[in-house]
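Enquirer: Take a look at this one; I'll ask things after.
Where a number appears in this text, it was derived from the coordinates with a stated rule and is not lab data. Since we're looking at a predicted model, the values are computed, not measured. Here the Cβ positions follow ideal geometry from the backbone for every residue, glycine too, while neighbour counts run over all protein chains shown.
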Amino acid sequence: MDAQEWDERYREARSSGSGTDAGLWATQPHAQLQQVAGQLVPGTALDLASGDGRNAIWLARRGWQVTAVDFSAEGLDIARSRAEAEGISIEWQLGDATNWAPDRTFDLVTITYLHLDEAANAAVIRRASQWLSDGGTLLVIGHDKENLTRGTGGPQDETILYSPELLRAATELKVLAAEQLVRNTSTDPEGPEDTGTTAIDTLLHAVNA
Ligand SMILES: C[S@@+](CC[C@H](N)C(=O)[O-])C[C@H]1O[C@@H](n2cnc3c(N)ncnc32)[C@H](O)[C@@H]1O
């Protein structure tokens, strides 16, 4: 999907929801982000493909200085309005993950549910791996290929889904975990498309050691 198609999805979510900050995805942060980032001392963070802002806003609430990038202006707009309602400051940037680059490094880079084609997924992770400060953490989470047969929600095109092997091969950082995650969608939904009870995600947790 290109940026215009994502804009359209966010616009529809906004118009069918209640208020200008109605969004497309869950409002609570991904449980695994909470677990990993919850153990780190807040510093600088980049949320790439930040969507309507759930992870960026949670990080900022905890004291992280957050830069959030997405190529959907509509998605960013919802996120911005949610953050402003809480008096939270985040640097929102409109950018395409396939060519956007920061002019600084970060203590944490997180990417959740960004699904491009296989080569592009790997290229984004390879590039994002270079944006970490010494000791910085990379956390990538997306739908696993096995979600098609064992899970619920997410894209139904296997060629854009993740596997632990694919994510592990995309980074030269020290990999602490590259594995499947079984996510309970009742307690940790990605959004309204998670209608079953279980989703299979892939997680990459790596550090610039
Ligand atoms: C499934 S949503 C996930 C949003 C958020 N990370 C979350 O977990 O709630 C995918 C997001 O990726 C964004 N996206 C897709 N392709 C992108 C690209 N090439 N560059 C930047 N953002 C992109 C979309 O606009 C959308 O907001």
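Enquirer: Restricting to the range 102-120, name every residue that is farther than 14 Å from A68 by Cβ and in contact with a helix residue (DSSP H, G or I) (Cβ under 7 Å, 6 or more places away or on another chain).
Expert: Passing the criteria: T105, H115, L116, D117, E118.
Enquirer: Let me ask another. Please list, ordered by first then second residue, the pairs with beta carbon atoms under 9 Å, 6 or more apart or interchain, first in the range 88-101 and in contact (Cβ under 8 Å) with a residue 60 or more places away in the chain, second among the charged types (D, E, K, R) and away from the ligand (no atom under 14 Å from the Cβ).
Expert: none
Enquirer: Given (1) surrounded by fewer than 16 Cβ atoms within 10 Å (Cβ to Cβ); (2) among the charged types (D, E, K, R); (3) touching a His at 6+ places or on another chain (Cβ under 8 Å), identify the lone condition not met by R126.
Expert: Result: R126 passes all but (3).
Enquirer: Give me a count of the residues in the range 25-50 that are within 14 Å of the ligand (Cβ to nearest atom), polar (S, T, N, Q) and over 19 Å from S72 (Cα atoms).
Expert: Looking only at that region, the number is 3.
Enquirer: Criterion first (within 8 Å of the ligand (Cβ to nearest atom), of a type in the set (F, W, Y) and in a helix (DSSP H, G or I)) does W6 satisfy it?
Expert: Against the criterion (within 8 Å of the ligand (Cβ to nearest atom), of a type in the set (F, W, Y) and in a helix (DSSP H, G or I)), W6 qualifies.
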